[in-house]
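Nothing in this text is a laboratory measurement; each read-out follows from the coordinates by a stated rule. Here the structure is a predicted model, which means the values were calculated and not measured. Every residue, glycine as well, gets a Cβ built from its backbone with ideal geometry; the counts of neighbours run over all protein chains shown.
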Amino acid sequence: MSEPTGHRTNQREHILDVALQLMSRAGSAGVSMRQLARACGLQVAAIYHYFPSKDALLTAVIEERRYSSRLVDEPFDIEADGSVAERLRSVFRMFWAGALEEEPVLRLLLGEALRGEPAALPTGASLLEVFRTGVMMALEQHVPEVEDPKAVSEVYIAQVFSAFIRHVFEPDLDATVLGDQHADVVVKVVLGSSG
């Protein structure tokens, strides 16, 4: 007898959630399919039913977070009447908040990439491109005064990752203060002393 469709979807999502939790702490190499099955309360065969390999599981953990639609398709709520500096900061804070919300995913991807995990590289590159596109679109929409959104998006990416690395290695720093410091760097780089 087959499972109801809704049950299968929920089970698959549950596997992905548990896999993200485990892998963000131990890396994909540190988590066996058997350990994942045990943590999910399932048989190993159930994991393989949804994911034919650990690489497929790792890819699904990242890709099914739907970053493309979240970063590119969803509107951003930023006050249009603020100064250029205020709007630049608001765009940065929005992406910084997203990075903090997705901390387990970023930790997993960065760790896997540093360990040379093949599945992490194309997935990470794809996520980076989605992030870049989302920043450019947010800048074009909310800070049209920016002459080169592509170049400025690179500044945003560098500052978000710099702030994230500081957040990882200096966990006692307040994440909001850290984000504000890096938002100020973006403003100074983009606007110079007028920011």
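The charge dipole of the range 94-142, taken about its Cα centre with unit charges on the Cβ atoms of Lys, Arg (+1), Asp and Glu (-1) only, comes to about 120 debye. For the range 153-165, 3J(HN,Hα) computed residue by residue from phi via the Karplus equation (6.51, -1.76, 1.60; θ = phi - 60°) reads 4, 5, 5, 4, 4, 4, 6, 5, 5, 4, 5, 5, 4 Hz, glycine and proline entered as x. Within the range 158-179, whose backbone N sits under 13 Å from a point 7 Å along Cα→Cβ of ARG93? Only 176-179 fall inside the zone, counting backbone N under 13 Å. A Gaussian network model of the chain, with springs between Cα atoms under 10 Å, assigns the largest mean-square fluctuation among GLY179, GLY82, GLY111 to GLY82. Using a Gaussian network model of the chain in which every pair of alpha carbons under 10 angstrom is joined by a spring, one finds that among PHE95, PHE169, PHE131 the greatest mean-square fluctuation is at PHE169.
Build a GNM of the chain with springs between Cα atoms under 10 Å: which of SER153, SER28, SER162 gets the top mean-square fluctuation? In the Gaussian network model the winner is SER162. Per residue, the convex hull spanned by the Cα atoms of the range 5-63 measures out at 71 cubic angstrom.
Dipole size of the chain about its Cα centre, with +1 on Lys/Arg Cβ and -1 on Asp/Glu Cβ: approximately 940 debye, rounded to the nearest 20. Each of ARG89, ARG12, ARG25 has some number of other Cβ atoms within 10 Å of its Cβ, and from fewest to most they run ARG25, ARG12, ARG89.
What the Cβ-Cβ distance of GLU140 and TYR50 gives, at R0 = 35 Å and to the nearest 0.05, is a FRET efficiency of 0.35. For the chain, the residue among THR123, LEU16, GLN35 whose Cα projects farthest onto the positive side of the dipole built from Cβ charges is GLN35. Sorting GLU154, GLU147, GLU117, GLU129 from the fewest to the most surrounding beta carbons within 10 angstrom yields GLU147, GLU129, GLU154, GLU117.
Anisotropy class assigned to the range 92-178 is oblate, per the alpha carbon gyration tensor with a/c at or over the 1.5 cut-off and a/b no larger than b/c.
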